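Here the structure is laid out as structure tokens; the discussion comes afterwards.
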Amino acid sequence: MKFVKPIISVLALLVLVKIVFLFPFFHSLEYKASDAMFRFRGVQPVSDSLIIVSIDDETFNALNETWPFPRNYHAKLIYNLTRAGVKQIVFDVEFTENSDPENDRILGESALASNRVIFAGKVINATKLGEPSQMLQPISSIMQHELPWGIVNMNADSDGFIRKYTLFELFDNNPIYSLGIISLAQLQDGQSDKASINLNHPQKLKINSQQIPIIEHNSALINFYGPEGTFRKVSYSSILDDSTTAMPGYFGEELNEYYNILNSGVLKDKIALIGATVDELHDKFPTPYGGDWTSGVEIHANFLEMVKNGNYLTMLNPFLNFLIEFLLALCLWYLFKAKKPQISAFAAIFAIFAVFTASYLSFVYGNIVIHIVQVIILIILIFVASILIHYLQTLKEKRFIRSAFQQYMAPELVAKLLSDPQNLKYGGSLQEVSVLFSDIRSFTTYSESHTPAETVEILREYLTEMVKIIINNQGILDKFVGDEVMA
């Protein structure tokens, strides 16, 4: 039973913490702690295999158009990117509604001729029980050519931040893969065949040799490389700006920026991701690095870069995590119980610092995410519990000492014992003391010549005064032996 009680107590505290962290407020604290790891680690270098074709303010100024742009612009973009030798063209722009039929036809045929374009769609999950989900796929002029497409669903955490990448959504029990997954499958196969994608493993999505860890059924943690602007961008209008495309915003000035890009070879063998980066199109999301919100197209770029490098983030195994937390908590329980509160406070601070350091090193060198806020709160709870236990034990000791000694000792001596109960030792301790033996001379003769009432009264008066004197001089009353006082 001596060892069972601490184990049960620690388990109860650990389970309590786990239950508390099921609530969104506490869960968001854990999110913020994991976000801090990214910021402490800093911006990571990225390869030059990805480039973002940015629909930015410069694009709107140059084209002098409102959104959505005519789709013949996108067709021309595909042609110019193909001509520049890009390996793949990935649209983070949805063409799910028909526009001008001729422009729609040109867009589909341009993508077919390029044979390296991936389009975007979306699955809208039902928000109410009984409602059907909806699938928004690209327009018929794209679908009739059986061109590849993937969904661009961005599922935020409870605090609105994007930390995970949706790998697929189920529609009629069939997986509809994301833009990034389709891109990776096409890069590995050289075609849009989905046969290389394997979902048979519940914790991994396989694309040939790539194995992407799955969390929460259909998502992967994104190992972000930095905030908005980490990946190289080129303006959408710069790709369009050749001798055949007018730029009204340039007021008749012919810059023909595309030819500089073409001749530099900056686009050759790159994956070009096309998406909006202007705030007005509302395709930006908060991410762990904070600062300006990150555009959706750059989130796709972070995912593709992570998979290309095999630089996946994983969660610490929950059973191993629970075991580590339990053993740490049990050790601290015994330590805090054995030491004074002041020492325990320093030990708790050191333990919190050690947990944070271990978590950071695991994140940086092992790409492992550890829930440190839960551990920190568990340490604080154990420290508070130890303080409470110390207080109750001290209270019990003081109550015992006061009841045992206050009738026989000076208040100052009782207070001294209460301030340091450790002075009380079984078997006593060796001290140099003065011993007083005092009794009434000829008390036997006196008691024979007086009534019992008179004898008791004089004895009471005498003993009372003697006890007062002893206590006032910080003495310890040992015993009464008839009329004798020993102190």
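The values are calculated or read from the model by the stated rules, or taken from the named source; none is laboratory data. Remember, it's a predicted structure, so these values are computed and weren't measured experimentally. So basically every Cβ, Gly included, is an ideal-geometry build from the backbone, and we count neighbours across all protein chains shown. Each accessible area value is taken on the protein alone, full model and side chains, heavy atoms only, with ligands, DNA and RNA left out. Shrake-Rupley method; radii C 1.70, N 1.55, O 1.52, S 1.80 Å.
Applying both filters, DSSP loop and at most 11 other Cβ atoms within 10 Å, to the trypsin sites (Lys or Arg not before Pro) of the stretch 236-333 gives LYS268.
Once Kirkwood radius over Cα pairs in Å is worked out from the coordinates, which option in (1) 22.3; (2) 25.6; (3) 29.0 does it equal? Checked against the structure: label (3). Fully extending the segment from GLU216 to LYS398 would add 60.1 nm, taking 0.36 nm per residue of separation and subtracting the current Cα-Cα distance. Per residue, the accessible area of the chain comes to 55 Å² when a 1.4 Å probe rolls over the protein heavy atoms. For the stretch 1-155, give the share of DSSP beta bridges that are antiparallel, in percent and rounded to the nearest 5; count only bridges with both residues there. Among the beta bridges of the stretch 1-155, antiparallel pairing accounts for roughly 35 percent. Between ILE215, ALA246, ILE299, the Cα set farthest toward the positive side of the dipole of the stretch 196-308 (charges on each charged residue's Cβ, about the Cα centre) is that of ILE215.
Apply the a/c threshold of 1.5 to the C-alpha gyration tensor of the stretch 88-225 and tell me whether it is rounded, prolate or oblate. Cα axes put the stretch 88-225 in the oblate bin. Relative contact order of the chain, taken over Cα pairs closer than 8 Å and 6 or more residues apart, is 18 percent. Taking a straight Cα-Cα cut-off under 19 Å and skipping sequence neighbours fewer than 8 places away in the same chain, the lysines within cross-link reach of LYS204 are LYS164, LYS194, LYS308.
With a cut-off of 17 Å on the backbone N, the residues of the stretch 75-97 near the modelled label site 7 Å out from MET135 along Cα-Cβ are 95-97. For the stretch 306-357, the gyration tensor built on C-alpha atoms gives an oblate shape. Its axis ratio a/c (a ≥ b ≥ c) is at least 1.5, and a/b is not larger than b/c. A straight Cα-to-Cα reach below 25 Å connects LYS479 with the lysines LYS398, LYS416, LYS425, LYS468, residues fewer than 8 places away in its own chain not being considered.
Can you tell me the FRET efficiency between SER158 and SER419 if r is taken as the Cβ-Cβ distance and R0 is 56 Å, rounded to the nearest 0.05? Kindly include the intermediate steps, with their values, before the conclusion.
Details: r = 51 Å, r/R0 = 0.91.
Calculated value: 0.65.
With θ taken as phi - 60° and the Karplus curve 6.51 cos²θ - 1.76 cosθ + 1.60 applied, the whole-hertz 3J(HN,Hα) list for the stretch 175-186 is x, 10, 7, 6, 4, x, 5, 4, 4, 5, 5, 5 Hz, x standing for glycine and proline.
Under the simplified labelling scheme, the VAL15-HIS282 pair shows an inter-label distance of 4.6 nm, with each label point 7 Å from Cα along Cα→Cβ.
Take the Cα of GLU465, step 7 Å toward its Cβ, do the same at PHE350, and the gap between the two points is 6.1 nm. Over the chain, dividing the summed -39,500 (n - 2.57) contributions of all DSSP H runs of at least 4 residues by the number of residues returns a 222 nm mean residue ellipticity of -15000 deg cm²/dmol.
When the accessible area of the chain is computed with all protein chains present and a 1.4 Å probe, what percentage of it is carbon and sulfur? C and S atoms contribute 59 percent here. Once Lys and Arg get +1 and Asp and Glu get -1 on their Cβ, which of ILE8, SER359, THR82 lies farthest toward the positive end of the dipole of the chain? It is ILE8, whose Cα lies furthest towards the positive end. The overall shape of the stretch 220-311, judged from the alpha-carbon gyration tensor, is oblate: a/c is not under 1.5, and a/b is no greater than b/c. Coupling constants for the stretch 351-356 follow from the phi torsions by the Karplus curve (6.51 cos²θ - 1.76 cosθ + 1.60, θ = phi - 60°), and in residue order they are 4, 5, 4, 5, 5, 5 Hz; glycine and proline get x. List the aspartates and glutamates whose Cα lies under 20 Å from the Cα of LYS339, skipping any in the same chain that are fewer than 8 positions away. Excluding near neighbours in sequence, the set is GLU397, ASP420. A full extension of the chain between ILE476 and ASP269 corresponds to an added length of 64.9 nm, given 0.36 nm per residue minus the alpha carbon distance. Given R₀ = 30 Å, what would the calculated FRET efficiency be for LEU323 paired with PHE23, taking r from the Cβ atoms and rounding to 0.05? Here the calculated transfer efficiency is 0.80.
Gain in length, GLN44 to SER99, computed as 0.36 nm per residue apart minus the alpha-carbon separation, to one decimal in nm?
Details: separation 55, 0.36 × 55 = 19.80 nm, distance 4.09 nm.
Taking 0.36 nm per residue and subtracting the Cα distance, the gain is 15.7 nm.
Can you tell me the dipole magnitude for the chain around its Cα centre, using point charges on the Cβ only (Lys, Arg +1; Asp, Glu -1), in Debye to the nearest 20? Don't skip to the answer; put the middle values down first.
Working: 38 positive and 50 negative charges, 416 e Å.
Computed about the Cα centre, the dipole is about 2000 debye.
Counting only DSSP beta bridges with both residues in the chain, what percent are antiparallel, rounded to the nearest 5?
55
Checking every one of the trypsin sites (Lys or Arg not before Pro) in the stretch 1-63 against DSSP loop status and a limit of 14 other Cβ atoms within 10 Å picks out LYS2.
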